[in-house]
Amino acid sequence: MSETITPGATLEPVASQDGGTTRKMTLNMGPQHPSTHGVLRVLLELDGETVVKAQPEIGYLHTGIEKQCETKTYQQAITLTDRVDYLANLSNNLCYCLAVEKLLGIEAPPRAVWTRVLLTELTRINSHLVWLGTHALDLGAMSMFFYATRDREEVLKIFEMFSGQRLMTSYFRIGGLALDHPRGGLAAVKKFLEFFPPKIDEYETLLDNNPIWKNRTIGVGVMPVEQMLAMGLTGPMIRAAGIPWDARKDEPYSGYQNFEFDVPTRTENDVYARYRVRMEEMRQSVRIMTQALEGMPEGAYQADAPKVVLPQREKMKTQMEALIYHFKIVTEGVHVPPGEVYQVIESPRGELGYYIVSDGTSKPFRVHMRTPSFGNIQGLGPMCEGGLIADTIAAMGSMDFVLGDTDR
Amino acid sequence: MNFFLISLIKMGIVTAAFMTTLAYLQWIERKVLAHIQSRLGPYRVGPHGLLQPLADTLKLLMKEGFIPSHVNKFFYLLAPFLAVFFALISICVIPFGPSVEVLGVRTDMGLADLSIGVLFILAISSAGVYGIALAGWASNNKYSLMGGLRSSAQMISYELPMAIALASPLLILNDLSLRTIVNEQAGFYLGVLPRWTIFQMPFPQIFSFVIFLISGFAETNRVPFDLPEAENELVAGFHTEYSSMGFASFFMAEYANMVTVCCMATVLFLGGWHPLFPSTLGSDFVPVLLALAAGAMLLYHGVAQPISGRPWDRLTMPAAGVVFSLVGLVFLVPMLKPFLIPLFWFVSKAGFLMFTFIWVRGTLPRFRYDQLMNFTWKFLFPVAILNLLITAFAVALQEPKS
């Protein structure tokens, strides 16, 4: 993108082939538009239906979450991380907790770690289902959206069982989990794992056997791989371009090294390849979850770190020390030793990083989020230029951005 | 005098029936789509949302008809009129049934029997594009403009294969009057296979039927050819700037076009009101049996084995069962039989086609603009011409009719 597009500017008329003059048209797509998935504004310069230039304008959903984190204690800030990417809430919880745990030098007990893996993979399925539904809806396959949301409902029910919330879970806490597994929680997950894999095949039957779907996606939204890397695109976007980068494999965190799974890649680098990669990722998530469910350890769900983790209610009532810790944690918050940390995880959308600076108080000095949507949205221009308006929609859908994640 | 009176009565009946069909077609579409997508659809207004169309109409009527300041007012207001006028007018040449005698008066079922009925419908449906194109242009909105342009290009392109697909059955039937066309399709081969155009010798018109249907999807701007109003690309396309009855007119025009296309396909290819199998084999009892079966099922689930826990279903389901059974018995009344049975066959054929329209909408994604054009010019058009050629040869080689 060399120059920016000025909305409303009168463009110079250009001589056309048949002797007359033509003028390009600027189109303001968004911030309110059915296909921009929130409040993204895309400025398009059009030559007929062909997109000459595309320029994403972000910032319409800026919530100041990064700044707000500085006013909250470390424990309180977890609830804000849910709201960054509201489709991958637990991934954000996990990344933040891992970062703070790294600063504190504590580790969650095995049961908490395995539960975290289990639920984060469930989050991936949740997010991919929403992506699949909305992406198909954008291309006109209306029913897909309802099938995806119907099955996502089961995921949300499991989230509600574990955390009491469907969307803003805040289930992971520094040093472990908020609560132990609810009664019947693991059974519900097991039931879901039996119910879900046939559904993936069903979605694929509906879309893959459809020539219109293939026409709309194959060869659309291609951009050079080097440019993708330079612009910071991650996740399924680059895996569909043949780069097997996945933080779960390459920088294992939260015990992912114990699990056996593949990183699906494709080489076509088009919308269809991204669709295939995400479908395959859902299958891999099921695989990881099955392993996590089978090997779920017994034991404590919170770390043995009295200065960080709230004591059990019973201990607080009977032991002096526990009462003191409880008082300190509730009134002051957790004091984190000075330092800075950067933690990366693989969120459903790509590489999610939390950079936290601590000045030794109970509130973070700075929290910066390296969010995958922000990186992925950079590719919108090169991906859409030269295509038709309909291809812009397909390419935007394949990016799977969440505007809350982009603007923070 | 007599002619005027009869025509007036027929006009009243057809208008009322057509308008109700349009309103309830929308309800049926929402219900069918909902069940395809594992939802319930309209459920609140009346039992099973049956009064939803009424509520929608009332709501749209009472909304403010807002005219944006930047539009070309004359054409902006003219466009919905044109759209709805051209959509509604074509119903007047469609024959719904044979000549019947009511209270001693012999009359055709249908408003008019033009000797050039097919040409009339083609002309009218081509004119329908003006409403959309003008709406897109007059709205002075970029999305509308693109919707209007897409629509004009699409409708003009798909008119060609449609007209050519229509030409082939006309070669066989050798008439342009829709009533004669239907009458030509009466009778059965070997006593079972109906002589509908899609089965009729010398060359069964199954291909032109499919081409006609596909072009029909494009002509009515339905999925997968709904590019002019592709919500996810052009917001609402050509009717983005319309509110209240302006919007409702476009909506109505779309459904009216759908009904017309389905009626046309029924008349030209599916033998109009002629039954699927001869009445000697009992085709007259099909509606009776269908209605009785539906009634029995409703009664069974309403009384003997309730499938829902809602208290009023205990009342409404048996009531509906009784109504269905009575409707079934009405088909047995000798006085009503001559026009109810043909009407049943006509409506069920057209209804099945309409269901196909909705079914496709629940299944297929949307084409891209260039793919749409490629599809019509590089595939549909050549196939239609090939079909026409083969039909022409077959007709020419056939023994000349006396």
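Tell me: how much accessible area in total is hidden between B and A, 1.4 Å probe, Å², nearest 100? Kindly include the intermediate steps, with their values, before the conclusion.
Working: alone 20180 and 17380 Å², together 34960 Å².
The B and A chains share an interface burying roughly 2600 Å².
Hey, got a sec? Which trypsin sites (Lys or Arg not before Pro) in region A:36-67 land in a DSSP loop and have at most 12 other Cβ atoms within 10 Å?
Working: sites: A:R41, A:K53, A:K67; in loops: none.
Within region A:36-67, no trypsin sites (Lys or Arg not before Pro) qualify (loop, at most 12 other Cβ atoms within 10 Å).
With every protein chain kept in place and ligands, DNA and RNA left out, what is the accessible area per residue of region B:17-87? Probe 1.4 Å, answer in Å².
Numbers: 4120 Å² over 71 residues.
Normalised by residue count, the accessible surface of region B:17-87 is 58 Å².
With 19 Å as the limit, write out which pairs from A:K67/A:K307; A:K307/A:K328; A:K67/A:K328; A:K328/A:K363 have Cα-Cα distances beyond it, or answer none.
Check vs 19 Å cut-off fails for A:K67/A:K307; A:K67/A:K328.
Counting only residues 5 or more places away or on other chains, whose amide H sits under 5 Å from the amide H of A:V334 once H atoms are built in the peptide plane?
Placed amide hydrogens put A:Y74, A:Q75 under 5 Å from A:V334.
I need the helices of chain B that pass two filters: whole DSSP H segments spanning 30 Å or more by Cα along the axis, and mean Kyte-Doolittle score no lower than -0.5. List each step's numbers first, then the result.
Numbers: long enough: B:2-36 (49 Å, 1.08); B:117-138 (32 Å, 1.80); B:142-173 (46 Å, 0.84); B:244-269 (37 Å, 1.37); B:337-361 (36 Å, 1.20).
TM-like helix candidates: B:2-36, B:117-138, B:142-173, B:244-269, B:337-361.
Please list, in chain and number order, the residues 5+ apart from B:G97 or on another chain whose amide H is under 5 Å from its amide H, with Hs placed from the backbone.
Amide H neighbours of B:G97: B:M109.
As an exercise, identify the chymotrypsin sites (Phe, Trp or Tyr not before Pro) in region B:307-402 lying in DSSP coil whose Cβ has no more than 10 other Cβ atoms within 10 Å. Before the final figure, lay out each step's value.
Details: sites: B:W312, B:F324, B:F331, B:F339, B:F344, B:W345, B:F346, B:F352, B:F355, B:F357, B:W359, B:F367, B:Y369, B:F375, B:W377, B:F379, B:F393; in loops: B:W312, B:F331, B:F367.
Filter output for region B:307-402: B:W312.
If you roll a 1.4 Å probe over the heavy atoms of the protein chains, what accessible area per residue do you get for region A:115-159, in Å²? Present the calculation step by step, with values, prior to reporting the outcome.
Numbers: 770 Å² over 45 residues.
Per-residue value: 17 Å².
Within region A:242-335, which GluC sites (Glu not before Pro) sit in a loop by DSSP and count at most 11 neighbouring Cβ atoms inside 10 Å? Write out the running numbers ahead of the final one.
Values: sites: A:E260, A:E268, A:E280, A:E281, A:E294, A:E298, A:E314, A:E321, A:E332; in loops: A:E260, A:E268, A:E298.
Counting only loop positions with at most 11 other Cβ atoms within 10 Å, the GluC sites (Glu not before Pro) in region A:242-335 are A:E260, A:E298.
Roll a 1.4 Å probe over the protein heavy atoms and report the accessible area of B:H239 in Å², nearest 10.
About 30 Å², rounded to the nearest 10.
Can you compute the label reach from A:D180? Point 7 Å from Cα along the Cβ direction, backbone N cut-off under 15 Å, restricted to region A:273-310.
A:297-304
Enumerate the amide H contacts of A:L46 below 5 Å, restricted to partners 5 or more residues apart or on another chain; note that Pro and chain-start residues carry no placed amide H.
So A:L46 has HN proximity to A:M25, A:T26, A:L27, A:V52.
Ignoring ligands, DNA and RNA, please state the percent of accessible area on region B:302-402 from carbon and sulfur, probe 1.4 Å.
78 percent
Output the residues of region A:121-164 meeting this criterion: accessible area (heavy atoms, 1.4 Å probe) in the chain alone minus accessible area with all protein chains in place is 40 Å² or greater.
A:G140, A:M142, A:S143, A:F146, A:Y147
Is the C-alpha gyration tensor of the protein assembly as shown telling us rounded, prolate or oblate? Criteria: a/c under 1.5 is rounded; beyond that, a/b larger than b/c is prolate, otherwise oblate.
Prolate, because a/c is 1.5 or more and a/b exceeds b/c.
Cross-link partners among lysines for A:K53, C-alpha distance below 17 Å, same-chain residues fewer than 8 apart left out?
A:K24, B:K142
Evaluated at 4 °C with a viscosity of 1.567 mPa s, what Stokes-Einstein diffusion coefficient in µm²/s does chain B have when Rh comes from the Kirkwood expression over alpha-carbon pairs? Walk me through the numbers on the way to the answer.
Values: Rh = 22.9 Å.
Rounded to a whole number, D works out at 57 µm²/s.
Pop out a list of residues from region B:345-374 that are at least 10 Å² less accessible with all the protein chains around than in their chain alone; 1.4 Å probe, no ligands or nucleic acids counted.
The answer is B:R361, B:G362, B:T363, B:L364, B:P365, B:R366, B:F367, B:R368, B:Y369, B:D370, B:Q371.
Heavy-atom accessible surface, probe 1.4 Å, ligands and DNA/RNA ignored: which residues of region A:370-401 lose at least 10 Å² versus the isolated chain?
A:L388, A:I389, A:A390, A:D391, A:I393
For region A:141-257, give the percent of accessible area contributed by carbon and sulfur heavy atoms, probe 1.4 Å, rounded to a whole number. Write down the numbers at each step before the final one.
On the way: 2740 of 4880 Å².
About 56 percent, which is the carbon plus sulfur part of the accessible surface.
What distance in nm separates the two pseudo spin-label positions at B:V105 and B:L281, each 7 Å out from Cα along the beta-carbon direction?
So the two model labels end up 3.8 nm from each other.
Measure off 7 Å from each Cα along the Cα-to-Cβ vector at B:M19 and B:M62, then give the distance between these two points in nanometres to one decimal.
1.9 nm
In whole Hz, what ³J(HN,Hα) sequence does region A:42-54 give by Karplus (6.51, -1.76, 1.60; θ = phi - 60°), x for Gly and Pro?
Once rounded to whole Hz, the list reads 10, 8, 10, 9, 10, 10, x, 9, 7, 7, 8, 9, 10.
I need the fraction of alpha carbon pairs in chain A separated by more than 29 Å, rounded to a whole percent. Walk me through the numbers before you get to the answer.
Numbers: 38883 of 83028 pairs.
Value for chain A: 47 percent of Cα pairs lie more than 29 Å apart.
So how far apart, in nm, are the two label points at A:T50 and B:W377 if each is 7 Å from Cα heading toward Cβ?
Label at A:T50, label at B:W377, 1.4 nm between them.
Once a ≥ b ≥ c are taken as the square roots of the eigenvalues of the Cα gyration tensor of region A:240-384, is the result rounded (a/c under 1.5), prolate (a/b larger than b/c) or oblate (a/b not larger than b/c)?
Working: a/c = 3.60, a/b = 1.76, b/c = 2.04.
Oblate shape, in that a/c is at least 1.5 and b/c is the bigger or equal ratio.
The values are calculated or read from the model by the stated rules, or taken from the named source; none is laboratory data. Everything numeric in this text was worked out from a predicted model, so none of it was measured. Don't worry about glycine lacking a Cβ; one is built from the backbone with ideal geometry, like all the others, and counts go over all protein chains shown. In case anyone asks, the SASA skips ligands and DNA or RNA and just uses the protein heavy atoms, side chains included. Shrake-Rupley method; radii C 1.70, N 1.55, O 1.52, S 1.80 Å.
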